[in-house]
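Novice: Can you read through this structure? Questions will come right after.
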């Protein structure tokens, strides 16, 4: 299997629990620090792409040359139906490429929130994603922008504050995740030490969120 490309947008926000998933599945990965000098290789050289989050947003593309390059490269990868998982900013970038709106929230969603999985989507996909889980889990959030669900994509999950949390495009082999399933509680506290609500994330909450992430990665990247 070819390597997986991981696109990182800032030094303190890495792939987190995804490292564990890669190791478990004996998968090789190349991490690109796209805000530094980065040569974007041919997307065909990779079996899948994981696009991480970051403090930048899609509106910054006009002043960030690396983001313009990244958007162009991801557009090429999407056109070639290479499996892509985007997280937070990554999901917003892919939504933008698919001509969906990315807009600022009235109030940032930061802390621990209940994520409600979509029962109708579960039925439509024949239990493809949600069979091993109930319909409600606790997840870590840290975003002030949100995406509209791209055309011909399915909404898989929502929170009360932000309905658009996870979308799936079978046509493009693409999954966008707004919440941070890849972060541990400790990572969230390290990034946002003045946000006490991250302390509400229990060890069991973290375990379930990580299992959900691993199942999503299995389905999109390994087609298990």
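Novice: Output the residues belonging to the range 1-13 that are under 14 Å from residue 86 (Cα atoms) and either in contact with a strand residue (DSSP E or B) (Cβ under 6 Å, 6 or more places away or on another chain) or free of Cβ contacts under 8 Å to residues at least 12 places away in the same chain (or both).
Specialist: Scanning the range 1-13 gives 4, 5, 6, 7, 8.
Novice: Out of (1) crowded, with 18+ Cβ neighbours inside 10 Å; (2) more than 18 Å from the chain's Cα centre (by Cα); (3) over 16 Å from residue 53 (Cβ atoms), the odd one out for residue 198 is which?
Specialist: (3)
Novice: Which residues, taken from the range 175-195, are assigned to a loop (DSSP other than H, G, I, E, B) and surrounded by 13 or more Cβ atoms within 10 Å (Cβ to Cβ)?
Specialist: 178, 179, 180, 181, 182, 183, 184, 192, 195
Novice: Go through the residues of the range 24-37 one by one and say whether even a single one is touching a helix residue (DSSP H, G or I) at 6+ places or on another chain (Cβ under 7 Å), over 26 Å from residue 109 (Cα atoms), part of a strand (DSSP E or B) and free of Cβ contacts under 8 Å to residues at least 40 places away in the same chain.
Specialist: Yes, the conditions are met somewhere in the range 24-37.
Novice: Pairs please, first residue from the range 182-209 and at positive phi and in contact (Cβ under 8 Å) with a residue 12 or more places away in the chain, second anywhere and buried (at least 18 other Cβ atoms within 10 Å of the Cβ) and not in a helix (DSSP H, G or I), Cβ atoms under 7 Å, 6+ apart in sequence or on different chains.
Specialist: Once the first residue is at positive phi and in contact (Cβ under 8 Å) with a residue 12 or more places away in the chain and sits in the range 182-209, no partner that is buried (at least 18 other Cβ atoms within 10 Å of the Cβ) and not in a helix (DSSP H, G or I) comes close enough.
Novice: Please verify whether residue 103 is within 17 Å of residue 220 (Cα to Cα), in contact with a strand residue (DSSP E or B) (Cβ under 8 Å, 6 or more places away or on another chain) and in contact (Cβ under 8 Å) with a residue 24 or more places away in the chain, treating the condition exactly as stated. Reasoning before the result, please.
Specialist: Values: within 17 Å of residue 220 (Cα to Cα): no; in contact with a strand residue (DSSP E or B) (Cβ under 8 Å, 6 or more places away or on another chain): yes; in contact (Cβ under 8 Å) with a residue 24 or more places away in the chain: yes.
Against the criterion (within 17 Å of residue 220 (Cα to Cα), in contact with a strand residue (DSSP E or B) (Cβ under 8 Å, 6 or more places away or on another chain) and in contact (Cβ under 8 Å) with a residue 24 or more places away in the chain), residue 103 does not qualify.
Computed from the coordinates by the stated procedures, all read-outs in this text should not be read as laboratory data. These figures come from a predicted structure and were not determined experimentally. Neighbour counts run over all protein chains shown; Cβ positions are idealised from the backbone, glycine included.
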